Each structure stands twice: as C-alpha cells, then as structure tokens.
Amino acid sequence: MNDRGWYFRGLINLCSGIQNIQNSNFRSQVMVLDRDDFLQTSNVHRTTETTTVSRRRALQAGLVTVVSLAGCLDNESSSDPTNGGGDESDSNGGSDEPEEEATDDDAETEESDDTDEDPLSVVYEFLEAAVEDDLDRMSELSHSLNPLDPVAWVEDGWEFRGGGDEEDLEGLDAEVVDDDAVVEDVFELEGAEFWFEEEELTETLDGEDMAAAEITVDDPTEDDTIWMLATEDGEWRSLFAAPIDDRPDDPEEVFEEPIEDENDDAVVEIDWEHDSPTSDIQQAAVVLTDERGVDANRIEIESTIEGASNGAFDRDDDEFTATWEDVTLYVPYDTDGDQIVVTAINEEENESEVVHREQYIP
C-alpha cells in the first residue's frame, strides 16, 4: 500500500472508525500501512490497536461522531428553505413590485448572505450524512478534488463506520472565518501539500468562490478544525479539512514530571532513535515487559505533542488468545520535542495508572 493509504487510515480511524474489511473480526484492528507492526516473539497472538492515530494528522478531527444537527445551526442555519430563499428576486410570492425594483447592490448583498450560510450548511450536512453512514450523500457534498471522498475509498476496499449520540452535538460550533478565501489558504493547512498540486488546484478553482469555516468542539481530546469549501457547478462543496495547529512554541511548557518504571513493571525502555524499515515518519519504539508487574489488562501509550497513540491488550476467548506482554509498540512523536505517556489500565476495576512518562528533548 502507498503512503496515501496510511494517511487516510490514520485520518478516518479517528474521524469515524474506519477499519480494513479483511481485519474486521479483530477489535480495533486497523490496517497499519506506514507504521511498524508490533513485534511477535512467540506463537501467542500479540494484539495491538491504534485507538487515536495522530489526531494532528486527522484532517476532520473526529467531528463525524455527531448524530443530529437539531439546534446546532442556531441563527446561521440555511437548512430552512425559507431562510434566505424567500427573498430572492425570482420569487413569485408577495408583492411583485419590490422584487422588480431590486438594485444590483441588493443582489450583491443577497449573494453575500448566501455565501455566509451555504458553506456551513455543507459542513453540517456532511457530518449528518457521516453519522448516518450515507456515503453517497457525503460524496455528493465533496468537491471533485476532495482527496477523502469516502465512496472512492470504500471502492478501494475500506469500510466506513459512523455513529455517535445526540450528546456529541452539544459542544459543536461552526462559523465562517473567511468568505473570500484563496488557494494559498488551502496550502496553509497541514497535509495540503501531500494531497494537492498547487498548479492543478489553482486552475480548477479559477473563478470559483472559496470559504474557510472553523469547527470547534467542546472536547479537550479533539482538535478544532478548519474546513476549506469551494463552489463547483454553482454549489458549495467540501474541499479539504485540517486541524488547527495549536502546538506550543516550547513543548516543555506542557510536559509533566517524568515517571520512571524502575522495576520494568510495564515498560522496559523507549527507543527514540528507532529506525523504521517501512516508514519515513519518525516513531519511538516502546518496549513492554515480558513479565508484568502491574495488574492491568491493557496498556496505552500516547505522544503528548504529536497527539498519536497506540495500545495493546489481553484477550482470551474462543477466537484467539492475546497479551500485551513482550510487545513493542510504535508511536509517532514530534521531533522538536515530545513526551510519551504510558498508562496501565484495569478495565474490570475501572482503574488506570500512569506507569511511565518520558520526554524527548532534541
């Protein structure tokens, strides 16, 4: 698989739970295309999972877990066909005289109002379609140059999974932050250079309207995002989205006190200089003990600045046996400075403990 496949996997795993169809029988098992697999040292299955693969690489940052948009649009909603549409100059309702007397300035004002509302309508409709698993509608709302058109990826062997509940909606807010965006604004977003050729994008969007919308969620684990939208055949479409980069200028400002697993109860070592044979993305190798000293059935690791995570867990049932012992987990980290936090979790007792916290300072 190519690098684009890995990028998409990391993105959709967070957004909506995408899973390779061939691996659908394994809990949280996703297709790892550009990240080293876990190490196996015996005949026992070593099962790892990528629970939140690099939030900062997740272009839509988990927003598709929203189920209903009722009440979200407030006064900015354009979903009501009477909102904005009833005053257009081609309306046959009401008095005809004022419509005929409408000036060019009035028409420009109406067009501007539509520009303010329609981009947000596309965002909300896209999210609603996502949680309803309506891939065709998501595709309809995607620009032809949108690299994440779900229909195309499903045809290529991926499975899309939406879902959520109404409570996820409460903290979602959206606003148009630039109703006169340009192609250069697209390339200000993380990942844009990976997906687009600037010359092709400029040529395709020549004469089209563009806008940028900021989507925020009341959830500290999710990033706020910028959605770029552009018109195509006279309709607003979703072109691209990326998280707002809120990394601190000095990573050490957000670091917590180191914790060393002195007895190797869970962590033997972290290799920050791991040389991956399969990926150009810098990753740390977290070597877990072959003899646990903690009462935990799950181990999770996370890089604080990069926002990536990985994990391993125990399982013993009719399908297979798995353990987190004697496993090496790989996680991307920020080479300008980062921190890896290792947490041991006892799901039966609903308890968790940070057993190791280590910083990387270049």
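Table for the structure above
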| read-out | value |
| --- | --- |
| From the options Arg298, Arg357, residue that is in contact (Cβ under 8 Å) with a residue 60 or more places away in the chain and either touching an Asp or Glu at 6+ places or on another chain (Cβ under 6 Å) or of a type outside the set (A, V, I, L, M) (or both) | Arg357 |
| Residue in region 319-326 that is outside any loop (DSSP other than H, G, I, E, B) and β-branched (Val, Ile, Thr) present | yes |
| Any hit, region 286-293, residues being in a strand (DSSP E or B) and either within 20 Å of Asp223 (Cβ to Cβ) or without any contact (Cβ under 8 Å) to a residue 24 or more places away in the chain (or both) | no |
| Hits in region 340-351 - residues which are over 18 Å from Ser303 (Cβ atoms) and part of a strand (DSSP E or B) | Asn346, Glu351 |
| Subset of region 183-204 (residues that are touching a residue at least 60 places away in the same chain (Cβ under 8 Å) and not in a helix (DSSP H, G or I)) | Glu190, Gly191 |
| Filtered residues of region 208-219 (kept if at pLDDT 95 or above and assigned to a loop (DSSP other than H, G, I, E, B)) | Glu208, Asp209 |
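The values are calculated or read from the model by the stated rules, or taken from the named source; none is laboratory data. Keep in mind that what you see is a predicted model, and the values were worked out from it rather than measured. We place every Cβ from the backbone using ideal geometry, glycine too, and count neighbours over all the protein chains shown.
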